[in-house]
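Some notes on the structure that comes next.
Any read-out appearing in this document is the output of simple, stated calculations on the displayed coordinates, not a laboratory observation. The shown structure was predicted, so the numbers you read here are calculated from the model rather than taken from an experiment. Reconstructed Cβ throughout: ideal geometry from the backbone, glycine too, with neighbour counts over all protein chains shown.
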Amino acid sequence: MPTADSQKPTASRYYLWTVGCQMNKADSEKLAAGFERLGMKAVDRIERADVVVLNTCSVRQHAEDRAYSKLGRVRDLKKQKPGLKVALMGCMVGLKTDELEKRFPQVDVFARPQQFDGIMELVEGPAEDLGGEFWPTTYAVPEGPATYVPIVHGCNKFCTYCIVPYRRGREKSRTVDEIVREVAYLAVHGVREVTLLGQTVEAYGHDLPEQPDLGDLMRALSEIERLQRIRFLTSYPKDMTHRILEAVADLPKVMECFSLPVQAGSDAVLDSMRRGYTRAEYLEKIREVRALMPGAGITTDIIVGYPGETETDFEETCSILEEVRFDKVHVAAYSPRPGTIAWRKMEDDVPAAVKAERLHRVEAIELRISQEINDRYAGTVQEVLVEGVRGEQPFGRTRTGKLVHIDSPARVGSMVAVRIEHAGPFSLRGVLEDALVLA
Ligand code: SF4
């Protein structure tokens, strides 16, 4: 057993830098909670730190480039301060680290996502005191009334363009009890909305002995009194069962808000991506969602310029956007990620100029559709959870996930009724409806 003295880490000021998805952010929040439990303090300038952790993403080249630039800064700093402890964490770190060790000698520890123990050794803190695997007894300190809670780690799908399964490993669910305990703790500390996270969130539970599904988990979480809203992402069409959709529709605390990546509209491209569904199957899933929840907010992800994508394939992507009419589209031009199946086996044969042109066409379609959808909100009264204040202006989200700027004073953490006066393609604006602070 470590003594009280041995629990005090020698590196006491940490700088934690994070890029990438909500999973990465959640990992960083958990690591920060572990550091704080060991008595360490966060600093916002890298120069003031005794320990630096860079939590990286390799899904896009841009995110890797930002990490390289940080690593350059760390190399210079370490020359001035040889005692500086440095960890590189996240999706840039694979099973084998020999190459990384050669390239980045300024890094002391390479840690894959959620593999915090090596970092704990680096700061000489007792990792076992944080609860064991995934640190189930170490909770992130909530920064506001809406926060993220990972419920299933890893992914079993192996889409040809994606590095995630190689870096985050296979799906591994946390137990219902463990998640309920964490969310109850968060609710006591002011959290009113949780977003349940998984790479394919509906895969939740199939690896647990009693095989609860996402609906069972949301039912259990709905019992937590102070918690007012539950949402979940990212959805995977094949895993989204009717049973789960019924739970979303039936449970009043669960928001009608879906993040359902389609990636492409052509069956040839979907097959080449190994997405595991056809265009028709995806559209059927959308119909199922809208039959149960006609006003649901649905966002999606699109990749343009995938290897072999012809103009006809791309037209099918445009037509699926017109057919579904998504609330929001996250679009990216394909770039090969080292280590993926597409990088190994497919030629990146769509010219950069064609990719750029397709990307802009998707953005133009989406801008028009988002504006048309948001226009329908004008004049309505929406329930909004006030998540924060920017400048002097409070902001929050509707139950369908729309960002709302509020032109009236409103307390952070309150649930208010907002009359929408203005609709833009990316957000709404409105004023508090008199005497309608809901909670
Ligand atoms: S479902 Fe596909 S894109 Fe999503 S994390 Fe898994 S492999 Fe990557």
Estimate the FRET efficiency between VAL180 and ARG325 by the formula 1/(1 + (r/R0)^6), using the beta-carbon distance for r and 30 Å for R0, to the nearest 0.05. 0.25
Note down the magnitude of the dipole of segment 13-130 about its Cα centre, charges +1 on Lys and Arg C-beta and -1 on Asp and Glu C-beta and zero elsewhere, to the nearest 20 debye. 520 debye
Let me know the whole percent of all Cα-Cα pairs from segment 340-405 that are separated by more than 19 Å. 60 percent
Neighbours of TYR204 by Cβ distance under 11 Å: Lys/Arg at +1, Asp/Glu at -1, summed charge -4
Tell me, what ³J(HN,Hα) does each residue in segment 223-235 have, in order and in whole Hz, if you take phi through Karplus 6.51 cos²θ - 1.76 cosθ + 1.60 with θ = phi - 60° and put x for Gly and Pro? 6, 6, 4, 7, 6, 10, 9, 9, 9, 8, 6, 9, 7
How fast does segment 13-130 diffuse by Stokes-Einstein, in µm²/s, taking the Kirkwood radius from C-alpha pairs at 37 °C and 0.692 mPa s? 231 µm²/s
Taking the Cα-to-Cβ direction at ARG274 and at VAL141 and moving 7 Å from each Cα, how far apart do the two end points lie in nm? 4.3 nm
Once fully extended, how much extra length lies between ARG60 and GLU347, figured as 0.36 nm per residue of separation less the alpha-carbon to alpha-carbon distance? 101.6 nm
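Antiparallel versus total DSSP beta bridges in the chain: what percent is that, nearest 5?
Antiparallel bridges make up about 35 percent of those DSSP assigns within the chain.
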For segment 200-213, take each phi angle, set θ = phi - 60°, evaluate the Karplus expression 6.51 cos²θ - 1.76 cosθ + 1.60, and give the result in whole Hz per residue in order, putting x for glycine and proline. 10, 5, 6, 6, 3, x, 5, 8, 8, x, 8, 6, x, 10
Set Lys and Arg Cβ to +1 and Asp and Glu Cβ to -1, take the dipole of segment 146-375 about its Cα centre, and tell me which of GLN371, MET293, PHE232 lies farthest positive. PHE232
Dipole magnitude of the chain, debye to nearest 20 (Cβ charges: Lys/Arg +1, Asp/Glu -1, about Cα centre): 1160 debye
Can you classify segment 110-240 as rounded, prolate or oblate using the Cα gyration tensor, where a ≥ b ≥ c are the square roots of its eigenvalues, rounded means a/c under 1.5, and otherwise it's prolate if a/b beats b/c and oblate if not? oblate
Collect residues whose amide H, placed 1.01 Å from N in the peptide plane, falls under 5 Å from the amide H of SER414; neighbours closer than 5 in sequence don't count. VAL386
In the chain the cysteines whose Cβ sits 4.7 Å or more from every other Cys Cβ are CYS21, CYS57, CYS91, CYS155, CYS257, CYS318
Using 0.36 nm per residue, how much length does the chain from GLU210 to THR312 gain when fully extended, once their Cα-Cα distance is taken away? 32.1 nm
Give me the orientation-averaged projected area of the Cα convex hull of the chain, in nm², one decimal. 22.3 nm²
Report the net charge of residues surrounding HIS405, where surrounding means a beta-carbon distance below 12 angstrom and charges are Lys +1, Arg +1, Asp -1, Glu -1. 0
Going from the fewest other Cβ atoms within 10 Å to the most, one would list GLU288, GLU182, GLU347 as GLU347, GLU288, GLU182
Tell me the label-point distance for the pair ARG287, LYS172, using the 7 Å Cα-to-Cβ offset, in nm and rounded to one decimal. 4.0 nm
Work out from phi, with θ = phi - 60° and the Karplus expression 6.51 cos²θ - 1.76 cosθ + 1.60, the ³J(HN,Hα) of each residue of segment 187-196, listed in order in whole Hz, and give x for Gly and Pro. 5, 5, 9, x, 6, 10, 9, 10, 10, 7
Candidates LEU122, LEU54, LEU88: whichever shows maximal mean-square fluctuation once the chain is modelled as a Gaussian network with Cα springs under 10 Å: LEU122
So which of LYS355/LYS402; LYS70/LYS102; LYS70/LYS172; LYS157/LYS345; LYS238/LYS328 end up more than 24 Å apart by C-alpha? LYS355/LYS402; LYS70/LYS172
Suppose R0 equals 51 Å; then what is the FRET efficiency for ARG368 and ARG103 from their Cβ-Cβ distance, rounded to the nearest 0.05? 0.70
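May I ask you to derive the relative contact order of the chain, considering only C-alpha pairs under 8 Å and at least 6 residues apart, and to give it as an integer percent?
10 percent
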